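This report concerns only the one structure given below.
The values are calculated or read from the model by the stated rules, or taken from the named source; none is laboratory data. Please read these numbers as outputs of a predicted model, since none were measured by experiment. Virtual Cβ from ideal backbone geometry, glycine too; neighbours counted across all protein chains shown. Areas reflect the complete protein model, heavy atoms only, side chains present, ligands, DNA and RNA absent. Shrake-Rupley method; radii C 1.70, N 1.55, O 1.52, S 1.80 Å.
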Amino acid sequence: MKRRILAFLLVLAMITPMLPAMAADVQYRDINGHWAQDEIERWSSYGIWQGDGTFFHPDESITRAETAAVFNRLMGYVKTEENQYKDLEQKWYTEDVLKASAAGLLQGASGMIAPEDLLTRQEGAVILCRALGIEEVQGGTDFVDNDIIADWARPSVSALSSAGLVSGVGENRFAPEANMTRAELLK
């Protein structure tokens with residue numbers, strides 16, 4: 001009997017770290033009736049996405065570093081890379097940015113990765129395709145502002161649009177250069 005209990009405790013000790021951490025049931029004061037309320041509550045309950053304890057700030061823009069942190073929690077990236085970016089100092093998000101870079105989600109240019117820049121909708125589309133392994137679709141989109149979607153982002157936007165994973169904002173515009181909000185990243 002003692003051996004069974006000891007074996008059970010040993011197995012429990014081994015698998016507990018593998019179980020996803022569940023966040024406390026948080027009630028944000030600023031999401032009641034918001035169009036993304038269900039998603040905010042779901043992802044917050046999983047510990048993937050949090051607000052500041054009282055507020056979620058669903059309509060605020062999100063930075064590239066915050067996006068990296070969310071995807072790292074969601075995807076469980078562990079591989080990191082050496083910091084080669086001139087603008088990436090040691091901050092709360094440094095490891096998240098380096099993991100997202102190693103996973104191919106975030107890419108820099110000219111030795112910069114711009115962690116504190118606000119994420120644009122077209123950058124968000126590229127990151128989502130890369131994270132989910134969605135194959136890009138060449139060609140245009142049905143959005144009326146297709147011609148202002150950057151060439152490097154259009155295949156990702158097209159793939160996500162075809163799959164029904166992104167939608168336009170008013171009058172079928174994608175608004176590629178608009179800043180992505182915290183709620184839009186969840187939806």
> Which one is modelled with the lowest pLDDT, of the residues in the range 23-50 that are part of a loop (DSSP other than H, G, I, E, B), within 21 Å of Gly76 (Cβ to Cβ) and out of contact with any Gly (no Cβ under 6 Å at 6 or more places or on another chain)?
Replying inline: Ala24
> Is at least one residue of the range 51-61 part of a helix (DSSP H, G or I) and open to solvent by 30 Å² or more (accessible area, probe 1.4 Å)?
Replying inline: no
>> Just to check your reading of the model, which residue among Thr94, Thr120, Thr141 is hydroxyl-bearing (Ser, Thr, Tyr), more than 25 Å from Trp35 (Cα to Cα) and out of contact with any Phe, Trp or Tyr (no Cβ under 6 Å at 6 or more places or on another chain)?
In response: Thr94
>> Based on this model, can you work out whether Thr80 counts as open to solvent by 60 Å² or more (accessible area, probe 1.4 Å), free of Cβ contacts under 8 Å to residues at least 40 places away in the same chain and farther than 22 Å from Arg42 by Cβ?
In response: yes
> Restricting attention to the range 83-106, which residues are part of a loop (DSSP other than H, G, I, E, B), in contact with a Lys or Arg (Cβ under 6 Å, 6 or more places away or on another chain) and open to solvent by 20 Å² or more (accessible area, probe 1.4 Å)?
Replying inline: Gly104
> Taking the range 132-182 only, how many residues are modelled with pLDDT under 90 and buried (at least 21 other Cβ atoms within 10 Å of the Cβ)?
Replying inline: 1
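Among the listed residues Pro115, Pro155, which satisfies the condition of being assigned to a loop (DSSP other than H, G, I, E, B) and not hydrophobic (A, V, I, L, M, F, W, C)?
Testing whether each residue is assigned to a loop (DSSP other than H, G, I, E, B) and not hydrophobic (A, V, I, L, M, F, W, C) leaves just Pro115.
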> Restricted to the range 107-120, and to residues that are at pLDDT 95 or above, of a type outside the set (S, T, N, Q) and closer than 23 Å to Arg182 by Cα, which residue is most open to solvent (accessible area, probe 1.4 Å)?
Replying inline: Glu116
